[in-house]
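A short write-up of the structure that comes next.
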Amino acid sequence: MNNGQSLQKIDSQHVAVWQDEEKIRKLFAKDLSPDEFRFFVSLGASLGANPFTREIWAVKYNKNQPASIFCGRDFYRRKAQELPEYDGHLVDAVYERDEFAVEDGKVHHKYSLGNRGKLLGAYCIVYKKGIRQPYYVFVPFNEYNRGFSNWKNMPETMIKKVAEAQGLRGAFQGTFKGTYDESEMWEIVPETQSEQPESQDTENTTQNTGKPKKVAQNRYEGAGKPKIKQESNKNRLVKRYNELCEEANSLGVDFKKVDITKVTENELIDIGKDLKKKIDAAKSEAHKKAELLREFAKLKFNLQTYGVPENAILQMTADDSIEAIESAVASLREQLEQKKKEKQQAEENIFENI
């Protein structure tokens with residue numbers, strides 16, 4: 001069985017678990033609306049995620065809010081390991097006393113097992129076969145820390161989950177596009193931290209006894225559950241800009257990161273658009289270079305079949321400029337055409353001498 005057949009078999013096995021929709025609704029999605037449930041099933045089946053092993057789940061914090069669908073860390077890991085281009089990944093946390101630097105896309109990280117100081121963030125490096133530069137992402141702790149629940153009890157684990165999800169999603173966008181780990185989504189705050197003012201229904205009223213009575217309706221629908229606090233538009237823009245900066249760094253884009261505290265929302269939008277254009281141009285150039293290098297390798301192989309020794313053929317790498325590779329490809333094309341003509345002439349001479 002080849003690799004493609006193995007992947008197809010694995011995907012079929014994970015799609016099959018979604019066939020018993022009644023059981024899935026009862027166990028994992030009883031609070032979802034019909035439309036939300038259909039979307040949950042369709043997304044899970046298309047991703048090949050298994051809800052029974054906690055690879056994907058849906059959360060409905062408030063009946064007036066849309067359901068949130070999350071993928072687990074184990075799903076990202078399993079799915080990445082099934083991809084033929086996956087070549088391993090590394091995730092680790094960074095503390096203020098660590099030695100940490102990123103130079104030319106390479107991470108230098110050294111630390112001891114003693115007191116490492118304050119947690120600063122986490123990073124993920126993803127390696128892909130045939131790609132010289134691995135995908136790198138760093139996520140600052142202060143951007144995601146909730147200050148309660150798991151973020152309070154095991155902060156390093158949580159920020160590493162964010163970095164790992166973003167790293168694998170960024171490296172394999174075609175597979176993980178549109179998915180999120182729960183640790184990197186909305187700012188979820190408990191009721192005691194809610195900043196929403198109480199409605200009139202939550203005000204205390206007095207009965208004949210003179211004792212205060214609290215009405216049945218609580219501060220928000222779904223009392224006792226955490227409330228989703230929507231991010232401000234500026235925060236969303238800042239996060240998106242930071243993501244663009246990380247992607248630009250991974251591609252080697254030449255740009256200067258702005259101080260986001262000194263720009264307006266509209267200015268940040270324009271800056272983000274300009275950076276996105278540079279990223280798209282870098283991706284286009286990288287794709288073109290990869291295509292040229294593939295053609296170069298093919299021409300080189302064909303020349304060797306005509307008896308041309310390898311040391312007599314130009315050597316090119318991804319470090320060379322597109323112009324240099326284009327020139328080398330053109331030279332090899334001419335050389336190959338010449339060898340073909342020489343071979344054809346030699347064959348014709350043989351027949352003439354018979």
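Taken together, the values in this text are just the output of simple stated rules run on the coordinates, not laboratory data. Bear in mind that the values here come from a model prediction, so they are computed numbers and not experimental data. Every residue, glycine as well, gets a Cβ built from its backbone with ideal geometry; the counts of neighbours run over all protein chains shown.
Annotations for the structure displayed:
- Extending 7 Å from Cα along the Cβ direction at Ala324 and again at Lys257 yields two label points whose distance is 3.0 nm.
- Based on the reciprocal of the average 1/r between different C-alpha atoms, the Kirkwood radius for region 83-126 equals 11.8 Å.
- Coupling constants for region 142-152 follow from the phi torsions by the Karplus curve (6.51 cos²θ - 1.76 cosθ + 1.60, θ = phi - 60°), and in residue order they are 5, 7, 10, 4, 8, x, 8, 6, 4, 5, 8 Hz; glycine and proline get x.
- Whichever lysines have a C-alpha closer than 23 Å to that of Lys340, once near sequence neighbours (fewer than 8 apart) are set aside: Lys298, Lys300
- Peptide ranges 322-334, 102-114 listed from the most packed, as the mean C-beta count within 10 angstrom indicates: 322-334, 102-114
- Between the residues Ala330, Phe296, Thr261, the greatest Cα displacement towards the positive end of the dipole of region 231-354, with unit charges on the Cβ of Lys, Arg, Asp and Glu, is found for Thr261.
- Shown in residue order for region 259-276 are the 3J(HN,Hα) couplings computed by the Karplus curve 6.51 cos²θ - 1.76 cosθ + 1.60 at θ = phi - 60°: 7, 5, 7, 10, 10, 7, 4, 5, 5, 5, 4, 5, 5, x, 4, 4, 5, 4 Hz (x for Gly and Pro).
- Cross-link pairs beyond the 18 Å C-alpha cut-off, checked among Lys239/Lys276; Lys26/Lys79; Lys177/Lys288; Lys60/Lys239: Lys26/Lys79; Lys177/Lys288; Lys60/Lys239
- Each residue of region 19-30 was assigned a 3J(HN,Hα) from its phi angle through the Karplus curve 6.51 cos²θ - 1.76 cosθ + 1.60 (θ = phi - 60°); the sequence is 6, 8, 5, 4, 5, 5, 4, 5, 8, 10, 8, 5 Hz, with glycine and proline shown as x.
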